[in-house]
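Participant: Sharing a structure here in structure tokens format.
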Amino acid sequence: MFSRVMLVVLSLGAVTATAACGSEEPSTSAVAASSSAVAVAASPSSAPAALSITDPWVKTAKKGMTAAFGTLVNNSDTDVTVIAGSTPVAPMVELHEVVESKGKMVMRPKKGGFVVPAHGTHVLQPGGDHIMVMDVPAEIKPGSEVPFTLELQGGGTYTFTALGKDFAGAKENYQPGADMGGMG
């Protein structure tokens, strides 16, 4: 009797694990059709998703420039490097960092991209590393769902949806050549 119960439990566990893995790897077209997805792996070549993101959000903006944030999570045994990004809400996306230059905090493109260490995280936050969204032609309102695709070094992509959110902290200014208001 015990072995029958264990067999049922193990079978249910295998079905659950298979379903969970399958739900983390939708095709790119499934991701595009599901705008309510928060963090979905879109790389069909990866076995469970190596990269995910927690709490993805994008700062609301009337137009012009804004940025996306969250925490990138690497669930694999090797480092994952994000080398580029894109979104249908803007023609240009860059990976940025904030560094000190001549006594001021300034934004600049992040050379080499964002490295997410094996089994580690990489925080994207106001005043730090972020996904810069440029030349936004239309307003991003609170609650807007904004899809992003990140390109990974070595090929592959990762797609997620960030939620539009009002944010006035850190006094960051996402305009070309602007300093970061003394953030540190």
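Participant: Kindly establish whether Met107 is modelled with pLDDT under 95, in a strand (DSSP E or B) and over 14 Å from the mean Cα position of the chain (by Cα).
Facilitator: On the way: modelled with pLDDT under 95: yes; in a strand (DSSP E or B): yes; over 14 Å from the mean Cα position of the chain (by Cα): yes.
Criteria met by Met107.
Participant: Now a separate question. Restricting attention to the stretch 132-165, and to residues there that are more than 16 Å from the chain's Cα centre (by Cα) and at pLDDT below 95, which single residue is farthest from Lys63 (Cα to Cα)?
Facilitator: Narrowing the stretch 132-165 to residues more than 16 Å from the chain's Cα centre (by Cα): 134-143, 154-155.
From the residues that got through so far, the ones that are at pLDDT below 95 too are 154-155.
On the way: Gly154: 33, Gly155: 31 Å.
Per the stated criteria, the residue is Gly154.
Participant: I'd like to check something: does the stretch 167-178 contain any residue that is within 26 Å of Leu51 (Cα to Cα) and buried (at least 18 other Cβ atoms within 10 Å of the Cβ)?
Facilitator: no
Participant: Let me ask you something else. For the stretch 114-160, which fully contained strands (runs of 3 or more DSSP E) count at least 3 residues that are under 14 Å from Ala90 (Cα atoms)? Quick ask: steps written out before the conclusion?
Facilitator: Working: elements: 114-116, 121-124, 130-136, 145-152.
Hits in the stretch 114-160: 130-136, 145-152.
Participant: How about the stretch 77-94: which of its residues are surrounded by fewer than 18 Cβ atoms within 10 Å (Cβ to Cβ) and over 14 Å from Val136 (Cα atoms)?
Facilitator: Result: Asp77, Thr78, Asp79, Thr81, Ile83, Ala84.
Participant: Can you confirm whether Ala170 is modelled with pLDDT of 95 or more and of a type in the set (A, V, I, L, M, F, W, C)?
Facilitator: On the way: modelled with pLDDT of 95 or more: no; of a type in the set (A, V, I, L, M, F, W, C): yes.
No; evaluated as a whole, the condition is false for this residue.
Participant: Scan the stretch 99-157 for residues that are in contact with a helix residue (DSSP H, G or I) (Cβ under 6 Å, 6 or more places away or on another chain) and aromatic (Phe, Trp, Tyr) and report the count. Don't jump to the end; show me each part of the working.
Facilitator: Here is the first cut: in the stretch 99-157, the residues in contact with a helix residue (DSSP H, G or I) (Cβ under 6 Å, 6 or more places away or on another chain) are 126-127.
Now narrow it down to the ones that are aromatic (Phe, Trp, Tyr): none.
Residues that pass the stated criteria total 0.
Participant: Of the conditions (1) over 17 Å from Lys141 (Cα atoms); (2) modelled with pLDDT of 95 or more, Lys102 clears all except one; give me its number.
Facilitator: Exception for Lys102: condition (2).
Participant: Whether any residue in the stretch 129-140 is surrounded by 16 or more Cβ atoms within 10 Å (Cβ to Cβ), free of Cβ contacts under 8 Å to residues at least 60 places away in the same chain, at negative phi and in contact with a strand residue (DSSP E or B) (Cβ under 8 Å, 6 or more places away or on another chain) is what I want to check.
Facilitator: yes
Participant: Still on this model: Which one is farthest from Val58 (Cα to Cα), of the residues in the stretch 88-111 that are of a type outside the set (A, V, I, L, M) and touching an Asp or Glu at 6+ places or on another chain (Cβ under 6 Å)? Break it down stepwise before answering.
Facilitator: Restricting attention to the stretch 88-111, the residues satisfying the condition of being of a type outside the set (A, V, I, L, M) are 88, 91, 94, 96-97, 100-104, 108-111.
When the remaining residues are screened for being touching an Asp or Glu at 6+ places or on another chain (Cβ under 6 Å), the result is 91, 97, 104, 109-110.
Values: Pro91: 16, Glu97: 16, Lys104: 24, Pro109: 18, Lys110: 19 Å.
Per the stated criteria, the residue is Lys104.
The values are calculated or read from the model by the stated rules, or taken from the named source; none is laboratory data. These figures come from a predicted structure and were not determined experimentally. FYI the Cβ positions are ideal-geometry reconstructions off the backbone, even for glycines, and counts take in every protein chain you see.
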